[in-house]
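Report on one structure; see the data block that follows.
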Amino acid sequence: GIPGPLIRVRVGDRLIVHFTTDLPQPTTVHWHGVRVPIEMDGVPDISQPEMQRGDTFTYDFVVRDAGLYWYHPHVNSAAQVGSGLYGALLVEDPADEVGIADELTLVLSDIGFDRKGVLESPASGGPAGVVFGREGAYVLANGKVMPTLRARSGAPQRWHIVNTAKSRFFLLDLDGQPFYVIGSDGGLQERPETTELLLVTPGERADVIVTPTGPKGGTLLLRAQLYNRGYGSV
């Protein structure tokens, strides 16, 4: 599936992942942002050899820090992530005292296909695409195009957001309703911030509280606004 399974643990848990690859090309699993022993880090020729088809490796480590992280290959990373190899790792701290009952983990990404429905080649876009990055035509939230979420009007929700796209910047707008930012890549912030537009760049995470407000049966649209990341990317 896209994304991969959400792995949900608590601070201090021991995480054991038995990973077997059936891909026709080498791969590994890298635990993005997580403090792990180097032999668990999934970086070829530094922490472990590239895994070939049929290989099995056990990732085994204790999660020491709360926050949202993600996992992805560290072999041909842009190509393999762009083809859908990624997932979220949520490390919860029961003592964080945020106290929001309604929670959502939101994995943002994009993907590209040709006219026949085949995944776009990593070489598409030519030299400019290689240097400046490519954006897939389909924008995904938890692996779906334009999914819907039911919410209770006026009830706060805690959103754990990660941008797993290889190049796309997500500038989020919830019909002008505010995002109350309480944390980012490094966990909870010392002080919260309020913003109507939330920018989440590739690999970045955001921990926010939103309070969707509107009439019963109404709708709000969470938009990814156009963002100029340079080089004519808009």
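The values are calculated or read from the model by the stated rules, or taken from the named source; none is laboratory data. Note that the coordinates shown come from a computational prediction; the quantities given were computed from them, not determined experimentally. A quick note on method: Cβ atoms are made from the backbone with ideal geometry, for glycine too, and the neighbour counts reach across all protein chains shown. These area figures cover heavy atoms from the full protein model, side chains too; ligands, DNA and RNA do not enter into them. Shrake-Rupley method; radii C 1.70, N 1.55, O 1.52, S 1.80 Å.
Does Arg168 satisfy being assigned to a loop (DSSP other than H, G, I, E, B), over 16 Å from the mean Cα position of the chain (by Cα) and either more than 27 Å from Val181 (Cβ to Cβ) or not hydroxyl-bearing (Ser, Thr, Tyr) (or both)?
Numbers: assigned to a loop (DSSP other than H, G, I, E, B): yes; over 16 Å from the mean Cα position of the chain (by Cα): no; either more than 27 Å from Val181 (Cβ to Cβ) or not hydroxyl-bearing (Ser, Thr, Tyr) (or both): yes.
Criteria not met by Arg168.
Looking only at residues that are open to solvent by 50 Å² or more (accessible area, probe 1.4 Å) and of a type in the set (A, V, I, L, M, F, W, C) in the range 20-43, which one is farthest from Phe61 (Cα to Cα)?
Among residues in the range 20-43 that are open to solvent by 50 Å² or more (accessible area, probe 1.4 Å) and of a type in the set (A, V, I, L, M, F, W, C), the one farthest from Phe61 (Cα to Cα) is Leu23.
Under 6 Å by Cβ, and 6 or more places apart or on different chains, what pairs join a residue from the range 182-203 that is closer than 20 Å to Tyr227 by Cα with one that is surrounded by fewer than 12 Cβ atoms within 10 Å (Cβ to Cβ) and of a type outside the set (Ser, Thr, Tyr)?
Matching pairs, first to second residue: Glu196/Gly176.
Given the structure, is Ser109 free of Cβ contacts under 8 Å to residues at least 12 places away in the same chain and of a type in the set (Ser, Thr, Tyr)? Write out each step before concluding.
Working: free of Cβ contacts under 8 Å to residues at least 12 places away in the same chain: no; of a type in the set (Ser, Thr, Tyr): yes.
No.
Enumerate the strands (runs of 3 or more DSSP E) found wholly within the range 65-149, keeping only those where 2 or more residues are farther than 21 Å from Leu171 by Cα and modelled with pLDDT of 95 or more.
Values: elements: 67-72, 87-92, 102-111, 138-141.
The strands (runs of 3 or more DSSP E) meeting that bar are 67-72, 87-92.
Which one is farthest from Val91 (Cα to Cα) among residues in the range 189-219 that are crowded, with 16+ Cβ neighbours inside 10 Å and among the aliphatic types (A, V, I, L, M)?
That would be Leu198.
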